[in-house]
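Asks: Structure incoming, see below.
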Amino acid sequence: MKAMKSALLGLILLGAASAGCAQDQQFIPLLSYRVGPYAAGGSGYFGGAIDYFTLVNMGGGINGVKLFWEECETEYNASRGVECYERLKKKNGGASTVEPLSTGIAYGLLDRVAQDKIPMTTFGYGSSNAADGRVFDWVFPLGTTYWDQMAAMIAYLGQKDGGVDKLKGKKIAYLYHDSAYGKEAIPVLDALAAKLGFETLKLPITPPGLTQESQWLQIRQAKPDYVILWGFGVMNPAALKAAAKTGYPREKILGVWWAGSEEDVIPAGDAAKGYVSAAFSASGTNFPVMQDIKNKVYGAGKGNLEDASRLGNIYHTRGVVYGIIIVEAIRTAQAKFGKGKVMTPEQVRWGLEHVNLNDARIKELGATGLFPPIKTSCVDHEGSGMVKFQQWDGKAFKQMSPYIAGDRDLTRKMVEESAAKYAAEKKITPRDCSKEN
């Protein structure tokens with residue numbers, strides 16, 4: 001009986017210590033995926049985020065507040081992602097923000113995070129209309145949305161031909177992951193096709209996408225001027241290999257940014273050489289912040305990547321950039337609500353809505369060139385819309401363009417129209433941003 005009482009007392013003390021720890025730290029649940037056909041993306045991205053969070057903690061945290069996180073394996077599955085969110089949202093003092101890295105999961109959480117009042121980031125993916133912060137108070141498609149990426153891709157193809165007007169009469173095949181992710185960009189593709197006068201050929205690929213023979217047969221028969229590859233995971237090297245087998249020039253294939261990492265091209269071997277993809281972050285370890293992660297975090301044996309050779313790969317650096325944005329949002333919130341205090345979800349939301357990562361601040365963080373400036377507001381939860389293009393030379397990605405934007409007037413008009421429709425359906429009264437501080 002005495003031993004049982006001691007054990008119970010130990011559990012109570014452990015629980016009290018955990019509760020105290022949660023109150024002193026900023027909790028961020030990570031809806032990660034490290035197994036299955038999309039493991040490279042999930043492990044690289046969340047590995048990068050954790051590496052940056054670790055670096056911040058090693059430096060004393062955010063004005064003394066340490067970051068605390070817990071992972072839940074979603075396998076990039078929408079229902080599992082929702083289950084993970086529900087499991088973690090109230091743990092460790094409560095989630096301060098959430099990042100699912102899946103358009104399907106983000107769709108499933110759209111209404112839930114608004115009800116729970118927990119800000120959700122969708123860094124470079126998700127529902128593009130959420131860029132309108134007047135309707136989507138709690139969702140932040142930070143950086144660049146799929147709609148702005150598609151607009152930039154069409155602008156890039158136009159530049160190759162001497163101007164977007166030269167795309168008139170041409171044919172662009174859209175080879176896409178048959179999921180919410182793959183379908184998200186179609187409205188902008190259709191709008192630009194109607195505006196510029198080019199033809200589209202839409203070819204869905206059933207996930208995970210290892211089998212693509214019939215689609216590439218259609219491409220060979222249709223002879224499109226360009227192919228936009230909107231893939232993820234194992235679908236990408238499979239597409240590049242199939243293109244080579246079919247004889248379609250890789251220089252005419254333009255990949256989405258989730259088809260533009262080292263893990264997408266290396267498995268394709270020579271079939272990937274010359275392939276161009278979009279990007280909203282750079283790769284490499286030559287940035288001061290990446291050197292700090294390499295020397296301080298991995299040097300101390302605290303790195304999150306199982307394979308340290310992936311350090312600085314695009315998926316990894318993209319996760320580092322996500323970490324930078326979250327930390328800066330919390331730091332911004334602290335400046336308003338209390339330096340050195342744990343921020344509530346509402347306060348973190350305010351911070352996310354007032355991110356101002358300009359060139360000067362990015363330089364201070366040791367990340368110049370790693371990503372473009374991002375400035376959010378009540379109206380604009382995206383904050384950038386900039387995309388660059390890179391080409392794989394067989395060993396590394398080489399920059400083909402600076403950060404550019406496509407037809408943002410068109411995409412913003414579509415964002416506002418779609419958000420207004422969503423607001424009407426959900427009976428949401430959009431915020432008056434002139435009354436926000």
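Asks: Name every residue in the range 382-411 that is without any contact (Cβ under 8 Å) to a residue 24 or more places away in the chain and out of contact with any Phe, Trp or Tyr (no Cβ under 9 Å at 6 or more places or on another chain), in order of residue number.
Replies: Selection gives 395, 402, 409.
Asks: Same structure again: Here are 94, 64: which of them is closer than 24 Å to residue 343 by Cα, in contact (Cβ under 8 Å) with a residue 12 or more places away in the chain and open to solvent by 30 Å² or more (accessible area, probe 1.4 Å)?
Replies: Details: 94 fails: open to solvent by 30 Å² or more (accessible area, probe 1.4 Å).
Unique residue meeting the criteria: 64.
Asks: Read through the list (1) surrounded by fewer than 18 Cβ atoms within 10 Å (Cβ to Cβ); (2) within 29 Å of residue 95 (Cα to Cα); (3) touching a strand residue (DSSP E or B) at 6+ places or on another chain (Cβ under 9 Å), then give the number of the only condition that residue 338 fails.
Replies: Only one criterion is unmet by residue 338, namely (3).
Asks: Give the residues of the range 259-296 that are of a type in the set (S, T, N, Q) and either surrounded by 17 or more Cβ atoms within 10 Å (Cβ to Cβ) or touching a Gly at 6+ places or on another chain (Cβ under 7 Å) (or both), sorted by residue number.
Replies: If the condition is that a residue be of a type in the set (S, T, N, Q) and either surrounded by 17 or more Cβ atoms within 10 Å (Cβ to Cβ) or touching a Gly at 6+ places or on another chain (Cβ under 7 Å) (or both), then 261, 277, 281, 283, 285 are the ones that fit.
Asks: So, in the range 190-218, of the ones that are surrounded by fewer than 22 Cβ atoms within 10 Å (Cβ to Cβ) and among the aliphatic types (A, V, I, L, M), which residue ends up nearest to residue 261 (Cα to Cα)?
Replies: So the residue we want is 210.
Asks: Looking only at the range 165-189, filter to residues that are closer than 27 Å to residue 122 by Cβ and without any contact (Cβ under 8 Å) to a residue 40 or more places away in the chain; which one of those is least open to solvent (accessible area, probe 1.4 Å)? Can you show your working first?
Replies: Of the residues in the range 165-189, the ones closer than 27 Å to residue 122 by Cβ are 172-189.
Of the ones still in play, those that are also without any contact (Cβ under 8 Å) to a residue 40 or more places away in the chain are 178, 183, 186, 189.
On the way: 178: 61, 183: 108, 186: 29, 189: 1 Å².
Checked the range 165-189; the qualifying residue least open to solvent (accessible area, probe 1.4 Å) is 189.
Asks: Only one residue in 148, 137 is in a loop (DSSP other than H, G, I, E, B) and not hydrophobic (A, V, I, L, M, F, W, C). Which one?
Replies: Numbers: 148 fails: in a loop (DSSP other than H, G, I, E, B).
When all the criteria are applied, what remains is 137.
Asks: Check whether at least one residue in the range 313-330 is open to solvent by less than 40 Å² (accessible area, probe 1.4 Å), modelled with pLDDT of 95 or more and touching a His at 6+ places or on another chain (Cβ under 9 Å), and report yes or no. Can you show your working first?
Replies: The first filter runs over the range 313-330 and keeps only residues open to solvent by less than 40 Å² (accessible area, probe 1.4 Å), leaving 313-330.
Applying the additional criterion that residues be modelled with pLDDT of 95 or more yields 313-330.
Filter again for touching a His at 6+ places or on another chain (Cβ under 9 Å), leaving 329.
Yes - at least one qualifying residue is present in the range 313-330.
Asks: Now for a separate question. So how many residues does the range 298-332 have that are more than 22 Å from the chain's Cα centre (by Cα) and among the aliphatic types (A, V, I, L, M)?
Replies: 1
Asks: What's the number of the condition residue 204 fails, among (1) without any contact (Cβ under 8 Å) to a residue 40 or more places away in the chain; (2) over 19 Å from residue 172 (Cβ atoms)?
Replies: (2)
Asks: Specify which of the listed residues (309, 277) is out of contact with any helix residue (DSSP H, G or I) (no Cβ under 8 Å at 6 or more places or on another chain), over 30 Å from residue 94 (Cα atoms) and of a type in the set (Gly, Ala, Ser). If you could, list the steps in order and put the result at the bottom.
Replies: Working: 277 fails: out of contact with any helix residue (DSSP H, G or I) (no Cβ under 8 Å at 6 or more places or on another chain).
Criteria check complete, one pass: 309.
The values are calculated or read from the model by the stated rules, or taken from the named source; none is laboratory data. Predicted model only: the values in this text are computed from it and were never measured. Here the Cβ is made from the backbone with ideal geometry for all residues, glycine too, and neighbour counts use every protein chain on show. Note: accessible area is taken over every heavy atom of the protein model, side chains too, but ligands, DNA and RNA are not part of it. Shrake-Rupley method; radii C 1.70, N 1.55, O 1.52, S 1.80 Å.
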